[in-house]
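See structure below.
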């Protein structure tokens with residue numbers, strides 16, 4: 001069996017919530033999400049005040065800046081329990097070194113000050129050339145400008161219904177809705193050329209009926225909601241973030257591997273990726289033509305940020321089961337991860353790595369010695385009760401079996417020593 005060792009962990013799962021449905025083990029995890037566009041030469045950016053609805057333009061600019069400064073953008077607390085009705089679990093990360101604030105960002109007020117000093121934009125129109133001039137003064141690589149407009153609408157509705165006692169009643173409802181449309185341009189300062197364009201449409205609605213109508217959300221709340229949606233879409237366009245993905249671990253039903261697969265599932269349930277990792281890889285190596293085993297190995301690599309290896313495993317799974325859309329989607333997602341890691345490397349924000357080792361015994365047969373910790377089981381140098389006793393081991397401990405010789409098991413002891421125990425001393 002191939003030894004599993006020296007796996008470099010670039011990125012470990014952030015928050016995992018485990019779900020069992022009898023068919024597949026489902027794990028909700030935050031993983032790295034690639035931006036739509038990656039700019040390897042951009043380090044320092046500025047965001048101008050968006051035009052259109054003035055207050056909304058200021059808010060959009062400020063919210064985008066706040067998102068770009070967030071170190072763990074995309075990680076949110078997760079509601080647990082049936083239909084998300086349980087307590088919230090805090091999103092925690094085991095990532096070493098990676099933060100989502102990959103850019104140096106200039107505040108909107110600094111840009112406005114330059115516009116005022118240079119008497120730029122007095123006509124009320126800021127074009128790419130003007131934006132590039134401001135960016136050059138501030139030493140920016142790129143500058144962002146755009147437009148946002150929103151509309152407010154309120155409706156009052158009535159509807160009739162029959163109660164259980166047969167009476168007809170009227171239901172009065174109030175509906176408030178805000179819709180917005182926005183556009184964004186990313187301008188390269190050195191050339192004044194547009195290097196990125198994105199548009200976003202968003203809406204937010206609240207509805208309250210009868211005595212609850214006075215509690216309906218005000219327009220400021222709804223406007224803030226659409227701006228929040230827009231700022232997220234715009235920032236995700238050019239900056240990496242975290243995304244919640246529901247991984248579905250395939251159920252391994254092959255008899256000889258089921259025990260190890262169940263053990264890996266238990267480790268995942270307890271959040272022990274270090275223990276699950278070598279098991280899932282070893283299961284694939286033992287049954288390399290099983291698309292489910294390849295897919296599971298791909299998942300554990302993706303969850304730990306080893307995107308190159310994840311792509312390889314997902315490709316194998318897709319080749320073995322070409323009709324499986326789950327495998328195809330996973331492959332596409334992992335390929336995005338490969339590009340994102342390359343992008344982070346190119347802008348001088350590489351993910352810190354560390355290693356762990358596997359023993360190569362992940363699929364080996366194991367035995368548990370009889371007795372309690374206060375008991376002692378004799379271990380012989382040879383498979384013979386008259387041979388020298390080389391150790392007396394507490395009961396209840398588990399050991400890897402190297403081979404069986406008659407009524408004796410040759411087991412691996414501490415420090416890689418070996419010895420024999422009689423089957424009568426084994427549970």
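Readers should treat all values here as calculations from the given coordinates under stated rules, not as data from a laboratory. Keep in mind that this is a model prediction, so the values were computed, not measured. With ideal geometry, Cβ positions are generated from the backbone for all residues, glycine too; neighbour counts draw on all protein chains shown.
Using a Gaussian network model of the chain in which every pair of alpha carbons under 10 angstrom is joined by a spring, one finds that among 89, 398, 302 the greatest mean-square fluctuation is at 398.
If you run the Gaussian network model on the chain, springs between alpha carbon atoms under 10 Å, then out of 166, 337, 97 the most flexible one is 166. The mean sequence distance of close C-alpha pairs (under 8 Å, at least 6 residues apart), as a share of the length of the stretch 366-425, puts its relative contact order at 34 percent.
Neighbour counts of other C-beta atoms within 10 Å: give me 369, 32, 120 arranged from fewest to most.
Working: 369 21, 32 26, 120 16.
Lowest to highest Cβ neighbour count: 120, 369, 32.
If I fit a long axis through the Cα atoms of helix 291-303 and take the longest principal axis of the Cα atoms of the chain, what angle between them do I get, 0 to 90°, rounded to 10? Its long axis makes an angle of about 60 degrees.
Report the percentage of all Cα-Cα pairs in the stretch 366-425 whose separation exceeds 15 Å, rounded to a whole percent. Considering the stretch 366-425, 40 percent of its Cα-Cα pairs are separated by more than 15 Å.
Multiply the residue gap between residue 112 and residue 254 by 0.36 nm, knock off their C-alpha separation, and tell me the result in nm, one decimal place. Walk me through the intermediate numbers first.
Working: separation 142, 0.36 × 142 = 51.12 nm, distance 6.60 nm.
Gain on stretching residue 112 to residue 254: 44.5 nm.
Annotation for the stretch 136-170 versus the stretch 278-323: alpha-carbon center distance of 44 Å.
When the helices in the chain are scored as -39500 (n - 2.57) per DSSP H run of 4 or longer and the sum is shared across all residues, what 222 nm value do you end up with, to the nearest 500 deg cm²/dmol? Intermediate results must be reported in sequence, preceding the final value.
Numbers: 9 runs with 134 residues, N = 427.
That comes out to -10500 deg cm²/dmol.
In this simple spin-label approximation, residue 382 and residue 417 carry label points 7 Å from Cα along the Cα→Cβ vector, and these lie 1.9 nm apart. Axis of helix 128-137 versus longest Cα principal axis of the chain: the two differ by about 70°, to the nearest ten degrees. Comparing 143, 347, 47 in a Gaussian network model of the chain (Cα springs below 10 Å), the most mobile by mean-square fluctuation is 347. Divided by 2.2 N^0.38 Å, where N counts the residues, the Cα radius of gyration of the stretch 274-427 comes to 1.47. Ellipsoid semi-axes for the chain, based on the Cα gyration tensor and the rule √(5λ), read 56, 31, 18 Å when sorted largest first. Inter-part distance, the stretch 230-260 to the stretch 369-427, computed on C-alpha centroids, equals 42 Å.
Just subtract the alpha-carbon distance of residue 397 and residue 183 from 0.36 nm times their residue separation and send over the number in nm, one decimal. The partial results should precede the final answer.
Numbers: separation 214, 0.36 × 214 = 77.04 nm, distance 6.44 nm.
Full-extension gain reported as 70.6 nm.
May I ask for the angle, rounded to the nearest 10°, between helix 219-238 and the longest principal axis of the chain, with both axes built from Cα atoms and the value confined to 0 to 90°? The two axes meet at around 60 degrees.
If r is the Cβ-Cβ distance from residue 347 to residue 168 and R0 is 60 Å, what FRET efficiency results, to the nearest 0.05? Each step should come with its number before you reach the end.
Numbers: r = 66 Å, r/R0 = 1.10.
The formula returns an efficiency of 0.35 here.
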